[in-house]
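Engineer: Before we start, here is the structure in question, set down as structure tokens.
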Amino acid sequence: MNPIHLEPLEEHDFRRLFELCAFGDEELKPDLKSKLQLIGQQILQKLHGLPLAGKALGSLLRTRLDEKFWKAVLESEWWEEDFAVSSILPSLGLGYQHLSANMKQCFAYASVFPKAYVFQKERLVHMWIAQGFIQSKSQGRMRLEDIGSQIFDELADRYFFLGKQDGGYMMHDLIRELAVCVSLEECCVVKDDEPVEIPPTVRHLTFTAAKLDAVREVHKFRKVRTLIFFHEYDPREFYAVLEDILENIKSLRVLDLSYVRMGLKKLPDAICDLSHLRYLDISHTKIRQLPKSFSRLCHLQVLNVKGCFFLYKLTEGMDRLISLRYFYAEPGKISLINGIGKLTNLQELEEFRVARKRGHQIGELKHLRNLRRRLCIQNLENVESKEEAMEAQLKDKHQLNDVSNIWTEDREGLRGDLDMDILEGLEPPCGLKRLDIMFYGGLRCPTW
């Protein structure tokens with residue numbers, strides 16, 4: 001199939017696109033708008049009818065609708081800068097230049113992902129937080145995730161990320177070239193078809209190479225903070241290489257092994273010595289168990305073991321992962337954690353299975369005050385009284401918007417009065433949007 005070559009937009013259409021991005025629905029004084037349109041016309045001549053350039057620069061100019069700022073953009077030295085890569089448009093570089101310092105860090109970090117990679121917003125924000133790019137603001141009590149989400153949205157508004165219909169995001173090739181260019185000394189993607197010399201200052205490394213030759217050299221780069229592998233390898237060979245890496249690189253904050261899949265059956269014990277590790281993704285691998293000292297990872301914020309169908313049990317002491325904010329796993333694995341109530345930083349817990357043994361009673365929910373989105377409480381027949389149900393303190397979890405209270409369907413003997421007492425004790429937060437009650441044996445609704 002022959003390629004289709006797209007021509008630049010006609011002048012009239014390009015001007016309409018640019019002004020839509022620059023002015024939007026803003027109502028400006030006629031005199032000011034006229035002056036800005038005149039400056040905009042001069043800027044347009046530098047963009048050569050390229051839609052991405054028009055949208056990116058228009059969104060930048062929209063942030064400050066004043067004559068002085070627009071003139072500064074028009075007269076910027078970036079129009080004369082070849083920026084080391086001739087295909088990168090100066091207009092895109094201008095957009096980057098006007099980002100805040102931490103937004104520049106976040107944008108540059110995206111270059112560690114290969115070309116045509118589909119980004120998931122939440123996943124990328126978690127990695128930014130793990131790297132320390134997101135700082136809490138002095139005013140208010142915004143979560144780091146919310147600040148990171150705002151940064152992502154602003155980058156997307158400026159067309160550094162392009163939304164897809166399935167909810168993911170991609171980077172235009174030119175935008176990615178810009179990200180690569182501004183992060184040359186710190187980010188590196190190692191591929192088979194393009195020999196790459198890893199800079200000694202590298203901090204973030206990704207491997208799409210099928211051969212392990214380059215991976216074997218990683219242990220030399222002691223300051224690496226990110227390691228992502230996008231290929232499956234022979235399990236024995238990869239384990240030996242990974243063990244060598246983890247024994248020598250103690251600065252790792254992000255480790256993503258999810259794409260290794262069949263090539264990973266166990267984690268080296270050396271991973272337990274990574275005191276700076278914040279983000280670990282081993283989802284969809286064939287891992288059968290976690291190292292015995294796994295609970296020493298006291299700074300771990302995100303752990304993803306979804307799709308690890310051979311991981312039948314968790315190591316003891318998971319309740320000591322006190323920094324854990326997100327534990328992505330099937331509900332059956334989450335219920336294996338004894339004393340989950342000690343993980344007070346948890347932001348999400350989709351399902352909690354009540355049991356009568358210590359460490360699994362409903363009171364474990366008491367101190368999980370940061371839970372948000374959805375919570376499903378299963379096996380409520382294991383709650384003995386209204387007072388015990390009240391220990392969950394559901395009504396104080398104001399970030400929850402979806403709660404399910406579920407008894408076992410085929411339990412022996414109905415305890416109508418007790419069920420009513422238990423439901424009475426499970427008063428939900430006042431801002432709840434959805435409440436499901438299933439297999440309830442009571443005859444009346446709670447008073448709340």
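Engineer: Please find, within segment 385-418, the residue that is farthest from the chain's Cα centre (by Cα) out of those that are more than 23 Å from residue 358 (Cα to Cα) and crowded, with 18+ Cβ neighbours inside 10 Å.
Structural biologist: By that ranking, first place goes to 403.
Engineer: Go through (1) assigned to a helix (DSSP H, G or I); (2) surrounded by 13 or more Cβ atoms within 10 Å (Cβ to Cβ) and name the single condition residue 31 misses.
Structural biologist: Among (1) assigned to a helix (DSSP H, G or I); (2) surrounded by 13 or more Cβ atoms within 10 Å (Cβ to Cβ), the lone unmet condition for residue 31 is (2).
Engineer: Of the residues 349, 414, 336, only one is of a type in the set (A, V, I, L, M, F, W, C), free of Cβ contacts under 8 Å to residues at least 40 places away in the same chain, part of a loop (DSSP other than H, G, I, E, B) and under 24 Å from residue 122 (Cα atoms); which?
Structural biologist: Details: 414 fails: under 24 Å from residue 122 (Cα atoms); 336 fails: under 24 Å from residue 122 (Cα atoms).
None of the others qualify; the one that does is 349.
Engineer: Suppose we filter segment 53-69 for residues that are outside any helix (DSSP H, G or I) and in contact (Cβ under 8 Å) with a residue 40 or more places away in the chain; how many remain? Please lay out each step first, then the result.
Structural biologist: Step one: filter segment 53-69 for residues outside any helix (DSSP H, G or I), giving 63-66.
Filter once more, keeping what is in contact (Cβ under 8 Å) with a residue 40 or more places away in the chain: 65.
Number of matching residues: 1.
Engineer: If you go through segment 425-438 one residue at a time, do you hit one that is under 36 Å from the mean Cα position of the chain (by Cα) and more than 28 Å from residue 325 (Cα to Cα)? Can you show your working first?
Structural biologist: Quick first cut of segment 425-438, residues under 36 Å from the mean Cα position of the chain (by Cα) only: 425-438.
Next, only the ones that are more than 28 Å from residue 325 (Cα to Cα) stay: 438.
Scanning segment 425-438 turns up at least one residue that is under 36 Å from the mean Cα position of the chain (by Cα) and more than 28 Å from residue 325 (Cα to Cα).
Engineer: A follow-up question, please. Quick one: how many residues across segment 108-123 are crowded, with 22+ Cβ neighbours inside 10 Å and among the aliphatic types (A, V, I, L, M)? Explain how you work it out, then say what you get.
Structural biologist: Narrowing segment 108-123 to residues crowded, with 22+ Cβ neighbours inside 10 Å: 108-113.
Among the residues that remain, those that are also among the aliphatic types (A, V, I, L, M) are: 108, 110, 112.
Selection size over segment 108-123: 3.
Engineer: Separate question: Can we say residue 209 is closer than 20 Å to residue 231 by Cα and surrounded by 18 or more Cβ atoms within 10 Å (Cβ to Cβ)? First the steps, then the outcome.
Structural biologist: Working: closer than 20 Å to residue 231 by Cα: yes; surrounded by 18 or more Cβ atoms within 10 Å (Cβ to Cβ): yes.
Yes; evaluated as a whole, the condition is true for this residue.
Engineer: So, one more: Quick check on residue 26: is it closer than 19 Å to residue 157 by Cα, outside any helix (DSSP H, G or I) and charged (D, E, K, R)? Let's see the steps before the verdict.
Structural biologist: Working: closer than 19 Å to residue 157 by Cα: yes; outside any helix (DSSP H, G or I): yes; charged (D, E, K, R): yes.
Yes.
Engineer: Specify which of the listed residues (288, 253) is closer than 21 Å to residue 323 by Cα and in contact with a Phe, Trp or Tyr (Cβ under 9 Å, 6 or more places away or on another chain). Show your work before the answer.
Structural biologist: Details: 288 fails: closer than 21 Å to residue 323 by Cα.
Within the list 288, 253, the selection yields 253.
Engineer: Still on this structure, I have one more. How many residues does segment 185-225 contain that are in a loop (DSSP other than H, G, I, E, B) and in contact (Cβ under 8 Å) with a residue 60 or more places away in the chain? Lay out the reasoning, then the answer.
Structural biologist: Restricting attention to segment 185-225, the residues satisfying the condition of being in a loop (DSSP other than H, G, I, E, B) are 185-186, 191-203, 208-214, 221-225.
Then keep just the ones that are in contact (Cβ under 8 Å) with a residue 60 or more places away in the chain; that gives 186, 191, 208, 225.
Counting residues in segment 185-225 that are in a loop (DSSP other than H, G, I, E, B) and in contact (Cβ under 8 Å) with a residue 60 or more places away in the chain gives 4.
Engineer: Okay, next question. Please enumerate the residues belonging to segment 239-273 that are of a type in the set (S, T, N, Q) and either more than 24 Å from the chain's Cα centre (by Cα) or under 19 Å from residue 209 (Cβ atoms) (or both). Outline the logic, then answer.
Structural biologist: Residues of segment 239-273 of a type in the set (S, T, N, Q): 248, 251, 258.
248, 258 - these are the residues of segment 239-273 that are of a type in the set (S, T, N, Q) and either more than 24 Å from the chain's Cα centre (by Cα) or under 19 Å from residue 209 (Cβ atoms) (or both).
Engineer: Also, quick follow-up: For residues that are among the hydrophobic types (A, V, I, L, M, F, W, C) and not in a loop (DSSP other than H, G, I, E, B), scanning just segment 284-333, find the one that is nearest to residue 363 (Cα to Cα). Can you show your working first?
Structural biologist: Let us first name the residues in segment 284-333 that are among the hydrophobic types (A, V, I, L, M, F, W, C), namely 287, 290, 294, 297-298, 300, 302-303, 305, 308-311, 314, 318, 321-322, 324, 327, 329.
Pick out the ones that are also not in a loop (DSSP other than H, G, I, E, B) and you get 294, 302-303, 318, 327.
Working: 294: 25, 302: 24, 303: 24, 318: 18, 327: 20 Å.
Per the stated criteria, the residue is 318.
Engineer: All but one of (1) surrounded by 17 or more Cβ atoms within 10 Å (Cβ to Cβ); (2) assigned to a helix (DSSP H, G or I) hold for residue 247; which doesn't?
Structural biologist: Of (1) surrounded by 17 or more Cβ atoms within 10 Å (Cβ to Cβ); (2) assigned to a helix (DSSP H, G or I), only one is false for residue 247: (1).
Engineer: Shifting gears a bit: So residue 266 passes all but one of these: (1) part of a loop (DSSP other than H, G, I, E, B); (2) within 27 Å of residue 105 (Cα to Cα); (3) of a type outside the set (Ser, Thr, Tyr). Which condition number does it fail?
Structural biologist: Result: residue 266 passes all but (2).
Engineer: Can we say residue 61 is surrounded by 13 or more Cβ atoms within 10 Å (Cβ to Cβ), at pLDDT below 80 and aliphatic (A, V, I, L, M)? Let's see the steps before the verdict.
Structural biologist: Working: surrounded by 13 or more Cβ atoms within 10 Å (Cβ to Cβ): yes; at pLDDT below 80: no; aliphatic (A, V, I, L, M): yes.
Taking the combined requirement at face value, the residue does not satisfy it.
Engineer: Pairs under 6 Å by beta carbon, first residue under 12 Å from residue 125 (Cβ atoms) and in contact (Cβ under 8 Å) with a residue 40 or more places away in the chain in segment 148-177, partner in a loop (DSSP other than H, G, I, E, B) and of a type in the set (Val, Ile, Thr), six or more apart or different chains?
Structural biologist: Qualifying pairs under 6 Å: 148/134.
Engineer: Exactly one condition in (1) among the charged types (D, E, K, R); (2) crowded, with 18+ Cβ neighbours inside 10 Å; (3) under 25 Å from residue 283 (Cα atoms) is false for residue 421; which is it?
Structural biologist: Going through (1) among the charged types (D, E, K, R); (2) crowded, with 18+ Cβ neighbours inside 10 Å; (3) under 25 Å from residue 283 (Cα atoms) one by one, residue 421 breaks only (3).
Engineer: Kindly provide the set of residues from segment 293-315 that are out of contact with any Phe, Trp or Tyr (no Cβ under 9 Å at 6 or more places or on another chain), surrounded by fewer than 19 Cβ atoms within 10 Å (Cβ to Cβ), in contact (Cβ under 8 Å) with a residue 24 or more places away in the chain and on the phi < 0 side of the Ramachandran plot, ordered by number. Break it down stepwise before answering.
Structural biologist: Looking only at segment 293-315, we keep the residues that are out of contact with any Phe, Trp or Tyr (no Cβ under 9 Å at 6 or more places or on another chain), and these are 293-299, 307-313.
Right, trim to surrounded by fewer than 19 Cβ atoms within 10 Å (Cβ to Cβ) and you get 293, 296, 298-299, 307, 309-310, 312-313.
Imposing the further condition that a residue be in contact (Cβ under 8 Å) with a residue 24 or more places away in the chain reduces the set to 293, 296, 298-299, 307, 310, 312-313.
Within segment 293-315, 293, 296, 298, 299, 310, 312, 313 qualify.
Engineer: When you go through 200, 235 one by one, which is the residue that is surrounded by fewer than 13 Cβ atoms within 10 Å (Cβ to Cβ) and in contact with a helix residue (DSSP H, G or I) (Cβ under 9 Å, 6 or more places away or on another chain)?
Structural biologist: Details: 235 fails: surrounded by fewer than 13 Cβ atoms within 10 Å (Cβ to Cβ).
Just one listed residue meets the conditions, 200.
Engineer: When residues of segment 380-420 are filtered for being within 17 Å of residue 339 (Cα to Cα) and of a type in the set (S, T, N, Q), how many remain?
Structural biologist: Number satisfying all stated conditions: 2.
Engineer: Please give the helices (runs of 4 or more DSSP H) falling wholly within segment 93-166 in which 1 or more residues are of a type outside the set (Phe, Trp, Tyr), at pLDDT below 95 and at negative phi.
Structural biologist: Numbers: elements: 101-109, 121-131, 144-157.
Those helices (runs of 4 or more DSSP H) span 101-109, 144-157.
Engineer: Same structure, new question: Mind checking which pairs have a first residue in segment 435-448 that is of a type in the set (A, V, I, L, M) and loosely packed, with under 13 Cβ neighbours inside 10 Å and a second that is at pLDDT below 90 and not in a loop (DSSP other than H, G, I, E, B), Cβ under 8 Å, 6 or more apart or different chains?
Structural biologist: Within 8 Å, the pairs are 443/416.
The values are calculated or read from the model by the stated rules, or taken from the named source; none is laboratory data. What you see is a predicted model, and the numbers here were worked out from it, not measured in a lab. Glycine also receives a Cβ, built like all others from the backbone with ideal geometry; neighbour counts cover every protein chain displayed.
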